[in-house]
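Asks: Quick one: the structure is below, and I'll ask about it shortly.
The values are calculated or read from the model by the stated rules, or taken from the named source; none is laboratory data. Keep in mind the model is a prediction, meaning the values are calculated, not measured. No Cβ is skipped: glycine too gets one built from the backbone with ideal geometry, and neighbour counts run over all protein chains shown.
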Amino acid sequence: MSHVLHDIEKQIINVLQSDPDLTEEKISQETKLSMDQIRRGVEWLRQKKLADVSESINISLSLGKNGLEALKNGLPERRLVTLVRDGPKTFDEIRRSLHGFDFNAAISNAKKNDWINIEKTDTGSKISLKDPDAIVPHDSELIISRLSERTIISTEFDNTPLAEPLKSLMERPDFIIADEEKTKTVSLSETGKKIDLEKLDSGAIDVEADVPHVHAARIHPLKDTINEIRDTFVHLGFTEITGNLSQSSFWNFDALFTPQDHPARELQDTFYLKGLNAKQLATPTQIKNVSSAHKKGWRYYWDIQEAKKMVLRTHTTCVTIKHLADKKPDEARIFSLGRVFRNEKLSFKHLAEFNQVEGIVVGKHITLRDLMGIQKEFYRKIGLTKVKFWPTFFPYTEPSLQSMVYNEKLGKWIELFGMGIFRPEVTKPLGITKPVLAWGGGIERIAMLKFGLDDVREFYNNNLSWLRTATKCQ
Amino acid sequence: MPVVELNISRLQKLVGKNTNKKQILDRLPFLGLDIESLGRNTVRVEYSPNRPDYSTDFGIALGLQGILGINKGMLRLNVRNHGNYEIRVDSSTSKIRPFVTGIIARNGSLDDEAVKQIINMQEDLHVGLGRKRKKSSIGIHDLDNISFPLKYTTTSRDHRFVPLNSTKESSISEILRDSEVGRDYGSILGQSSKVPLITDAKGQTISFPPIINAALTTVTTKTKNLLVEVTGIDKQAAEDMLSVVVTILQGAGFQFSQLKVSGSKNSTPNFTPRSITFDVDPVNKILGLNISGSMLVSCLKKCRLDAVTKNKKIQCTIPRYRFDIFGGMDIVEEVALGYGIENLKPAWPASAHIGEKNTTSEKLDSISRLMTGFGFMEALNSTLASEQILYEMTNRDSSQIISVTSSKSQEHTILRDSILPGLLENLSKNIHETYPQKFFESGIVFSTGSPIKETVNLACVTASEETHFSEMKAVLQSLLRIGFNTKCETKTLSNHALFSQGRVAEIVISGKAVGYIGELDSKVLENFRIRTRVVGFEIKLSGLIFD
């Protein structure tokens, strides 16, 4: 049997024929080839059954971002102890030096190490040093200092007193990077031993061999979904309009008939811009009419100062309503797509800033069934074919529906876009006389379905390992 | 949206006619009730904030009866005028909480589940319609410990009584200071020295609205007869609230006697329905249907409204508790619900509209394609970012900072004025990935100016051992030439917080400074724990390639 061998393979065989059972590192030293070349060569030889590989796994440990930080400034709990060395301090005093996660980590670890006491006093909780003499360098600090000198194979810590502290340190985020390293011992198979390198044909290359992955630069996957949705709206005859992310409360709320004491307008739901008020609100007629619609519908004193407060838009509807109020079209298909903001606690399903799209159809003869049809067609174009509609409530549309879309992967119905006809209480004061039908919703939700993500935050982590591998054509 | 937990077999009984579980679960979404989770015999549903009657299974049962065709048309409230129940309002209340209204509910029985449902309703009404009790609030009392007539008056903060869930007397000041409800809602009363109080004919304290009832009138599962009082600063909101309570209690089997209200702008509540008259055609036109007047009447009755055809028009009668119905369009929705949303077939409207992308979106798309062509990965970051990343770690000037109030997340407190810091953070999160690493991002940045200016910037970074200034300048130069046939100059800049001294330049196009390019300062990189060299630029696109 004749073999087609790459030059790398030949060099590996050459070394192994005189010295069987070598690690890949050793082969690399002997042949002066790079580790990457050796790995590839060995893999080719193994597939051709010319070499056998026995593997053992090592986990090599090095310092991560927070580990390096701790090396420089000390672990959060060490910094905490240093802060209270000269006497007790309140939580607020400590927060000045220890922010965010560091603060929580410092408290919990210092407590675990039995370094501190927390006393509740009238002026808030105070932290004091428990036993000044007891604080010797902690095992976790020894580990960090040893890792700063060199990369260490995890087994070196096995059965030592540092094993437990290492485990808990590894559970803390970004302190220690654990890389699995496989050590491979390579030996030639019986066939391999018999190969006569002198006699091999040297012109051919092995076209069947494996090759490494290369990374393509690409448009962000969420952007792919955004672009697909934008294109779909355009295909359906909609024209894009844009507007500012910062808006007056007037266009974000008042123009949409949201009363000024409505819970959605509270600080805990909406981001207000500190100390900023709109200079130009709207035309005097628009202001007057919106104000009287509120007085009539909700029976309260409508305060223009409240309407001037600047917010980060909570929906794209502020952009569409302003467009309609200014242009008063008789017929239109327009859409607005972009970032919107909610003062939410971040979680796997909630972001403080996300993308929304909203389409508007204006027309004398347009009906609710038409709006349902446009939406069905939209979903069909982005690959969602099972759609049904349920009634729902939105403050500024009536009737209001929500669309449910069946997701094959999850095997269940998922709530996607909402839709409805703008209330006359919204349109009339702004001089819009034709029915306005609106539909839209969050884009990340659709992108999550497409990319099979169950944590929406992943879109904004910009994690290269995901960006480099997420499937482009969904 | 608020949520209520329902016991399914209990709901089946309330709906009646041997309705089975499947029928109920199938129909709930078509009342606008989203099933949030399903247990063996319980279901949690989300309901709309404009339908407080759906905060209890009694209210939901009324809706289900209609849509299932078991009981259609409006629920008639039967309030009898007998028994001499009266509450007299003292004019001193006008300055603090001017309005009171109420009802006597008799001969009912409340089991644990009913009490739970009614408490849920009360909470819902307090939070929503009552605007956290400020606008209006409810007290529900055991009638049998109360002597009439009642007095709605004010008292000083030294006044003492035994509050609900307590056995000892406290003063109003103590309640406001020491109890949870006192601390949560005390601010409604401001600094006023006089606070509202309801007392009975024997001078016993019944309630201290809007904070807490007296222990004297505690409602238990043994209670048969109730006094419901609602106080508030808006008479209509108080009566709206009462109408929901009365409707729900009627569903729970109570009978009603009038509570006369007299004095100082107050009046005895009446629960007279409203009517709206409308044409059939516009309703059909909006829905895209062609249904007859009598069909339309039947749709409305399924939604527990009354309707009759009158001279080719429809007269619809709306019970007092449906104050969510403002006008014609709300009626259209009721018709759609009665018709059944599942029976509305999607249609495809012909249209001569030609869709177009916004030019800014189009140009940004082109830039993205070019940047990926140069080998840069697109990143997406929040425009609402953290002070730490934007300013502290990058040593940048924070005097023009634009921040939001009361953010729930430390990562989102400041509007970004630059994209580069976010990209450095992205590199910092990827130090364990293979190099070279290249990112770009385009998007909105903010600056101050009447009152706030939004512009579109583009930034990019390359991180690797070998990278250098000229590599980045080459990208910038080629991007501008291929993308927009524009030339730029890079003019020496003495210093910039982000970049190394001697390796930073201002980007100038047609004599106008539009951005920065350079090698990132080693101290900044150290702050981000980046261990390779990084070069980058940021350029303002607004005013350059679009407005």
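Asks: Can you tell me which of A:I152, A:I226, A:I176 is buried (at least 16 other Cβ atoms within 10 Å of the Cβ), of a type in the set (A, V, I, L, M) and closer than 30 Å to B:I367 by Cβ?
Replies: Among A:I152, A:I226, A:I176, only A:I226 is buried (at least 16 other Cβ atoms within 10 Å of the Cβ), of a type in the set (A, V, I, L, M) and closer than 30 Å to B:I367 by Cβ.
Asks: Just checking, how many residues over the stretch A:352-370 are more than 7 Å from every other protein chain (Cβ to nearest Cβ), surrounded by fewer than 23 Cβ atoms within 10 Å (Cβ to Cβ) and either free of Cβ contacts under 8 Å to residues at least 60 places away in the same chain or hydrophobic (A, V, I, L, M, F, W, C) (or both)?
Replies: 2
Asks: May I pose another question? Can you name every residue in the stretch B:378-400 that is buried (at least 17 other Cβ atoms within 10 Å of the Cβ) and within 12 Å of chain A (Cβ to nearest Cβ)?
Replies: Of everything in the stretch B:378-400, those that are buried (at least 17 other Cβ atoms within 10 Å of the Cβ) and within 12 Å of chain A (Cβ to nearest Cβ) turn out to be B:E378, B:A379, B:L380, B:N381, B:S382, B:T383, B:L384, B:A385, B:S386, B:Q388, B:I389, B:M393.
Asks: Residues being part of a loop (DSSP other than H, G, I, E, B) and either closer than 26 Å to A:S62 by Cβ or in contact with a Pro (Cβ under 8 Å, 6 or more places away or on another chain) (or both): count how many of those fall in the stretch B:405-435.
Replies: So the count comes out to 6.
Asks: In the stretch A:52-71, which residues are of a type in the set (D, E) and in a strand (DSSP E or B)?
Replies: A:D52, A:E55
Asks: Another question, then. Please find, within the stretch A:229-260, the residue that is surrounded by the most Cβ atoms within 10 Å (Cβ to Cβ) out of those that are of a type in the set (S, T, Y) and more than 7 Å from chain B (Cβ to nearest Cβ).
Replies: Per the criteria, the residue is A:S248.
Asks: Restricting to the stretch B:182-205, count the residues that are buried (at least 18 other Cβ atoms within 10 Å of the Cβ) and under 19 Å from B:L125 (Cβ atoms).
Replies: Number satisfying all stated conditions: 4.
Asks: Does B:S418 satisfy the condition of being surrounded by 16 or more Cβ atoms within 10 Å (Cβ to Cβ), within 11 Å of chain A (Cβ to nearest Cβ), within 47 Å of the chain's Cα centre (by Cα) and of a type in the set (S, T, Y)?
Replies: no
Asks: Related question: Regarding the stretch B:259-267, can at least one residue be identified that is within 14 Å of chain A (Cβ to nearest Cβ) and crowded, with 16+ Cβ neighbours inside 10 Å?
Replies: Checking the stretch B:259-267: not a single residue is within 14 Å of chain A (Cβ to nearest Cβ) and crowded, with 16+ Cβ neighbours inside 10 Å.
Asks: Here's another thing I want to ask about it. Can you name the condition, by its number, that A:K388 falls short on among (1) more than 8 Å from chain B (Cβ to nearest Cβ); (2) part of a strand (DSSP E or B)?
Replies: Looking at each condition in turn, A:K388 falls short on (1).
Asks: Moving on to the next point. Does any residue of the stretch A:80-89 turn out to be under 35 Å from the mean Cα position of the chain (by Cα), modelled with pLDDT of 80 or more and in a strand (DSSP E or B)?
Replies: No, the conditions are met nowhere in the stretch A:80-89.
Asks: List the number of the failed condition for A:D131; all other conditions in (1) crowded, with 16+ Cβ neighbours inside 10 Å; (2) more than 36 Å from the chain's Cα centre (by Cα) hold.
Replies: With (1) crowded, with 16+ Cβ neighbours inside 10 Å; (2) more than 36 Å from the chain's Cα centre (by Cα) applied to A:D131, the lone miss is (1).
Asks: Quick test for you: out of B:T413, B:T360, pick the one residue that is at the interface with chain A (Cβ under 7 Å from one of its Cβ atoms) and either in contact (Cβ under 8 Å) with a residue 60 or more places away in the chain or under 34 Å from the mean Cα position of the chain (by Cα) (or both).
Replies: Selected residue: B:T360, the only one of B:T413, B:T360 that is at the interface with chain A (Cβ under 7 Å from one of its Cβ atoms) and either in contact (Cβ under 8 Å) with a residue 60 or more places away in the chain or under 34 Å from the mean Cα position of the chain (by Cα) (or both).
Asks: Take the stretch B:251-282 and flag every residue that is within 25 Å of B:E334 (Cα to Cα) and touching a strand residue (DSSP E or B) at 6+ places or on another chain (Cβ under 7 Å).
Replies: B:F271, B:P273, B:R274, B:S275, B:I276, B:T277, B:F278, B:D279, B:V280
Asks: Check every one of the strands (runs of 3 or more DSSP E) wholly within the stretch B:1-67 and list those with 2 or more residues that are buried (at least 20 other Cβ atoms within 10 Å of the Cβ).
Replies: Once the strands (runs of 3 or more DSSP E) in the stretch B:1-67 are filtered for at least 2 residues that are buried (at least 20 other Cβ atoms within 10 Å of the Cβ), what remains is B:3-7, B:42-46.
Asks: Of all residues in the stretch B:460-485, which are in a loop (DSSP other than H, G, I, E, B) and under 23 Å from B:T359 (Cα atoms)?
Replies: B:N485
Asks: Now for a separate question. Could you please tell me which pairs satisfy a Cβ distance under 6 Å, a separation of 6+ or placement on different chains, a first residue in the stretch A:108-134 that is within 15 Å of A:L80 (Cα to Cα), and a second residue that is hydroxyl-bearing (S, T, Y)?
Replies: So the pair list comes out as A:N117/A:S128; A:I118/A:S125; A:K126/A:T90.
Asks: Output the helices (runs of 4 or more DSSP H) that fall wholly within the stretch A:400-468 and possess 2 or more residues being crowded, with 19+ Cβ neighbours inside 10 Å and away from chain B (no Cβ under 12 Å), or say none.
Replies: A:444-451
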